[in-house]
Structures are given as structure tokens and as C-alpha cells.
Amino acid sequence: MKRVITALFLIPLVVWIALWAPQGAFDAALIVSGVMALYEFFRIAGMRRLRAEIPGALAGLALLLAPEPFVILILISLAAMILALFAADFRDSLPQAAALVLGVLYIFGAWRCAMALRVISPHWLMIALLAVWAGDTAALYVGRAFGRRKMAPVISPGKTWEGAAGSVAGAMAAAGVYAHYLLPAVSFWGVVGVAAAGNVAGQMGDLCESAFKRGAGVKDSGSMLPGHGGWLDRIDSSLFAIPVVYAILRFSPF
């Protein structure tokens, strides 16, 4: 019940933010969710001893809002190595510096892509989100009804190849219906192809976060979203799907 109540609150809010929110509110939503997810990522990565939360959040804001993200990413990498000099054990310096850069790029880099995707069209941002949401729902029901072959039994025992296929099909169907009404000028097959790619990326994002959590010995990244775990648990698939959808639109002839 907690999961349903949380979803009933979050989904309309996210749809409003993606499609209609003023730019300031949209940016604020990315900042808040990004900082929360980064804090959880650092917890999973064992970064508490480095006290990386505030430097990581500032680096994330810079990557999200700076006009030239490439230079900012280089500076973040250098700052992470300097910060790692203060590690209690120098054997932790390299992995902790790498984890800081990865966390900032993983979360705020994806949100930077969300900003750019919304500039192209808020509807394309919704296509990326639908590829995850509809895919998750389809995977749940198809997996329960037909799931037999385990997809990644060590990382996520509940996932099956049948559920994964259902997830792709659900994403394509939802994106096709959405685009028919709200992106009528765009090729139908182009839209469903982009949605399929975003969905596959999102499934990989979910598996990657599950592997990180399993390695850290935690079930959820956090507990701030009742029934859904933490912020990172909720957005892990979108953090992979959004950059892939943006990259297709930005760099392909489509």
C-alpha cells in the first residue's frame, strides 16, 4: 500500500515537472533529487570516511548548471584526487576519488541530459520516462505470468528474460501511443525504436545499481520514499535511459 500511495503522489508530480513546470522548478527538482541520490550513492560506495557529501553536491551542481560541462568534469576529476589526499588510509585514495567522479557523472551527468532533452521537447523527455515506467509495469506482469529463464540470478534473482522482453514491448507500446497524440510529426517507428533503446538502457541501469547494492550488502539505497526504498532506487533506470534517448536524438540522423 505504501508503494502505491507514494507512486500516486510522485507520478503526477514528475509529469508536471517534466512537461509544464517553469524552468526554475524543473532545475530545482533535478538538484534536490540529484543531491539525495548522490548521498545514497556515496553511502553504497563507502565514502563516509572521506566526507565527500558537500564537495560532491557542489560538483554536481557545477556539472548540471555550468555552461561548459566538459571543462567542469575535468576540474571535478582533479578536485576528487585532491580530496582523496585526506583519506584515512591511502589505499582508499584511488577508489574513493574514482567513486566520487563516477557518482557525480552518473547522476548529474544524466540530469544534464534531461535538461538538454527537455529543450528539444518536453515530450521527448516523457518518452524517456515512459520507456522506464511502462517497461517496469509490463515486466512485472509478464514476468509473473511467463517468467521462466533467469536473467541475472546472482544480481537480481527476480528478473527473467521473459519479463525483460515484456518490458521492451511495453515501453514501445506506451511510447507509440503517446507519440501518436503528442508527437504526430515524428516517425512512429522512430519513436518506438528510441523507446526500445531507452528501455534496454534503463534495465541495465537497474541491474548496475542492484550490483552496487549487493556488493555493499544493502537491500535499498535509502528509505526516504516509502515502498520504493531510496531516491537512487527510484531513478536508477532513468539515469541510464535519459542519456541514451538524448544521444540518439542528438547524434543520429533521426
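Out of VAL101, PRO12, SER167, whose Cα points farthest toward the positive end of the dipole of the chain (charges: +1 Lys, Arg; -1 Asp, Glu; placed on Cβ)? Checking the options against the dipole of the chain, the answer is SER167. Between LEU182, LEU140, LEU73, the residue with the greatest mean-square fluctuation in the GNM of the chain (Cα pairs under 10 Å linked by springs) is LEU182. Projecting the Cα atoms of SER237, ILE120, LEU182 onto the charge dipole of the chain (Cβ charges, centred on the Cα centre) puts SER237 farthest toward the positive pole. How charged is the neighbourhood of PRO243? Take every other residue with its Cβ under 11 Å from the Cβ of PRO243, and add Lys/Arg as +1 and Asp/Glu as -1. Summing Lys/Arg as +1 and Asp/Glu as -1 gives +2. In the neighborhood of PRO153, defined by Cβ-to-Cβ distances under 12 Å, what is the net charge if each Lys or Arg adds +1 and each Asp or Glu adds -1? Here the count lands on +4.
When the helices in the chain are scored as -39500 (n - 2.57) per DSSP H run of 4 or longer and the sum is shared across all residues, what 222 nm value do you end up with, to the nearest 500 deg cm²/dmol?
Values: 10 runs with 188 residues, N = 254.
The per-residue figure over the chain is -25000 deg cm²/dmol.
Each Lys or Arg adds one and each Asp or Glu takes one away; over the other residues whose Cβ falls under 14 Å from the Cβ of ASN199, this sums to -2. State the percent of C-alpha pairs, over all pairs in the chain, separated by a distance greater than 34 angstrom. Roughly 18 percent, once rounded to a whole number. Here is the list for the range 144-192: trypsin sites (Lys or Arg not before Pro) lying in DSSP coil, each with at most 15 other C-beta atoms within 10 angstrom of its C-beta, are ARG148, ARG149.
Of the trypsin sites (Lys or Arg not before Pro) found in the range 43-83, the ones in coil according to DSSP and having at most 15 other Cβ atoms within 10 Å of their Cβ are ARG51.
Readers should treat all values here as calculations from the given coordinates under stated rules, not as data from a laboratory. The model shown is predicted, which means the values in this text are computed figures rather than measured ones. For neighbour counting, all protein chains shown are included, and Cβ atoms are generated from backbone atoms with ideal geometry for every residue, glycine included.
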